[in-house]
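Here the structure comes first, spelled out in structure tokens, and everything after it is commentary.
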Amino acid sequence: MSAASRQPVDSFDAFVLWWPRWRFVVVSILAATGGLMFLEWVWKLPFLYGFPGLYWLFVAADAAILPLIGVAAVAAVVFLVLSLVQFVRHQWTGFLLLGLAGVCLGASLGLATTLIVIVAQHTVHMDSQRVRQHVYYLADYPFFAESNYRLYECDFIGLVCQSVYYSGDVFGSDSWPGALSYTADTNELVITTGEHTKLFTYSPP
């Protein structure tokens, strides 16, 4: 073996050499983030305005997508930097690098736009009640010093739900926990906030 072949490889070069194996991890992160972004845009927005959907899926997606967006942003930067290194070393063509740069730019714009939607429509589960054959969930969508409460009516196992009430902006309620209470005698499902302030009364079918 020649002396040149035994020269040590610095850590950055080693990382670049391992890049084809890491590429699958980066693409998987970006794909998972893209899937959640698709969920947020295509299904969640209609769900908020009355279309049936899976309530707990959106609660879990909102909890997962914020940290995943941060990881995906770092992964996109790493992807672009290492692609640039491979281009400089004449391993990739300029056309391919330009395409990758466009993909990374599009992903960044998509992440930023989705982040705005997530912050404004972040689902926080507050309370639940079972009334006969239905399960009811109360969710809060806090945005700075205001809240937006939604009441969801679900099937008997609480899986498929539909919005039946939207409070609009309730200002100064960012620290008010919402709660549900049901009175069988009057068939009233009451949403209360803060110090038992009645926000809305719903009559379950």
Check: Is it the case that the range 71-81 has a residue that's modelled with pLDDT of 60 or more, under 27 Å from GLU153 (Cβ atoms) and out of contact with any Cys (no Cβ under 9 Å at 6 or more places or on another chain)?
Finding: no
Next item on the list: Only residues in the range 130-141 that are aliphatic (A, V, I, L, M) count as the first member; pair them with residues that are in a strand (DSSP E or B) and surrounded by fewer than 18 Cβ atoms within 10 Å (Cβ to Cβ), Cβ under 6 angstrom, at least 6 apart or cross-chain, and list the lot.
Entry: VAL131/TYR182; LEU138/ASP127; ALA139/HIS125
Note to self: Being of a type in the set (S, T, N, Q), modelled with pLDDT under 95 and over 25 Å from LEU54 (Cβ atoms) is the requirement here; does SER175 meet it?
What the structure shows: yes
Checklist line | Selected residue (only one of TRP56, TRP22 is out of contact with any strand residue (DSSP E or B) (no Cβ under 6 Å at 6 or more places or on another chain), at pLDDT 75 or above and surrounded by fewer than 17 Cβ atoms within 10 Å (Cβ to Cβ)) | finding: TRP56
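The values are calculated or read from the model by the stated rules, or taken from the named source; none is laboratory data. None of the values given here were measured: they were computed from a predicted structure. Methodologically, a virtual Cβ is constructed for each residue, glycine included, from the backbone with ideal geometry; neighbour enumeration extends over all protein chains shown.
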